[in-house]
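Would you mind keeping the following structure in view while I ask a few things?
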Amino acid sequence: MTTTSYYRGRFAPSPTGPLHFGSLVAALASYLDARAQGGDWLLRIDDLDRGRCVPGMDTQIVRTLESFGFEWDGEITFQSEHTEAYRSALATLQRQGRIYYCRCSRKQIAVAATQAGLEGPIYPGTCRTLGLSDGKGLAARIRTDESEIRFEDRLFGEQNQNLARDIGDFVVRRADGYFAYQLAVVVDDYSTGINQVVRGADLLPSTPRQLWLGQLLGFPHPRYLHIPLVFGPDGKKLSKTDQAHPVNTDDPLPALLDAWRFLCQPSPQPDSLSFQDFWPWAKAHWRPQQMQEMITHE
């Protein structure tokens with residue numbers, strides 16, 4: 001693991017489609033937050049779910065970021081290369097007696113569930129006491145408890161969640177063999193020394209799970225800044241998988257300024273900035289607290 005006493009952040013897109021405006025907003029916020037504090041900014045490609053990844057899209061995303069002027073520290077890393085680290089983390093959790101194996105399908109869970117959680121039906125514990133051995137087609141679940149997980153988000157303030165009540169026993173390795181995002185992101189951030197995470201507010205409900213997993217694995221907790229999401233005309237969050245609102249790499253400045261304004265940052269005087277001038281100006285004027293007005297008026 002890389003350890004550091006100063007800011008170390010990252011951007012971690014999934015190669016499921018072209019970089020869109022919502023992704024640009026997240027990249028800009030995480031990049032400026034790191035650079036404004038003299039910190040590192042790493043680039044990781046979250047390509048763990050190979051079934052959803054589009055061939056060649058990782059290269060396209062990297063080229064898009066380059067064309068917009070983003071510069072990252074060190075080599076680009078790929079989640080798909082870290083499977084052994086995830087297996088090791090799963091083994092640690094298993095030694096703690098936290099892991100059990102589950103054969104239930106989503107349909108079966110939907111029928112059997114008696115409680116609704118923050119992200120759908122809460123798993124009713126059908127396989128919790130069956131003692132199933134690991135095998136093909138079985139998911140690995142982690143036993144949650146009634147502990148309250150609390151943390152302070154830099155924008156949304158104090159957050160707390162009771163995992164057993166709000167989420168239930170969640171999957172850390174899927175039935176198809178892929179490790180779940182919740183476990184992978186914790187291992188990846190720890191292994192690269194990430195101590196500051198800036199990302200979209202859609203992941204705010206996931207953060208307690210990740211903090212808890214990190215606690216069980218003995219990892220230090222990063223600080224979090226979740227930023228408001230960009231929605232399309234249909235009211236849905238922009239998604240790379242439906243190729244929503246791709247950005248124009250031939251003329252990057254207008255999109256950068258639009259992303260800057262979306263983040264409620266102070267606007268420069270009209271026509272006062274060139275593309276080359278934007279980055280040093282934006283680093284000097286980055287004020288994440290300005291986003292408070294976005295959530296105040298929601």
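What is the order of E119, E146, fewest Cβ neighbours within 10 Å to most?
E146, E119
Could you give the dipole magnitude of the chain about its Cα centre, charging the beta-carbon of Lys and Arg +1 and that of Asp and Glu -1, in debye to the nearest 20?
Charge dipole, the chain, about its Cα centre: 1180 debye, nearest 20.
Which of the cysteines in the chain are isolated, no other cysteine C-beta under 4.7 Å?
C53, C104, C264
Per the Kirkwood treatment, what hydrodynamic radius in Å, one decimal, follows for the chain from the mean inverse distance over all distinct Cα pairs?
One decimal place: 20.5 Å for the Kirkwood radius.
Please state the shape class of segment 84-181: rounded when a/c is under 1.5, otherwise prolate if a/b exceeds b/c and oblate if not, all from the C-alpha gyration tensor.
oblate
Does anyone have the angle between helix 207-217 and the longest principal axis of the chain? Alpha-carbon axes, 0 to 90°, nearest 10?
The angle comes out at about 60 degrees.
Follow-up question, since we're still on this one. Take each of the peptides 219-225, 93-99, average the number of other beta-carbon atoms within 10 Å over its residues, and list them starting from the highest.
Per-residue mean Cβ counts within 10 Å order the peptides as 219-225, 93-99.
Over all directions, the average projected area of the alpha-carbon convex hull for segment 106-246 comes to how many nm²?
10.6
For the chain, take the longest principal axis of its alpha carbons; what is the angle in degrees between that and the long axis of helix 83-95, to the nearest 10 within 0 to 90?
40
How high is the relative contact order of the chain? Use alpha-carbon pairs under 8 Å, at least six apart in sequence, and give a whole percent.
Relative contact order of the chain: 23 percent.
How do L32, L213 line up, fewest other C-beta atoms within 10 Å first?
Fewest-to-most ranking of L32, L213: L213, L32.
Bear in mind these aren't lab numbers, they're just calculated from the coordinates by the rules spelled out. As the structure is a prediction and not an experimental result, all values here were calculated from the model. Ideal geometry is used to build each Cβ from the backbone, glycine not excepted, and the neighbour counts take in all protein chains shown.
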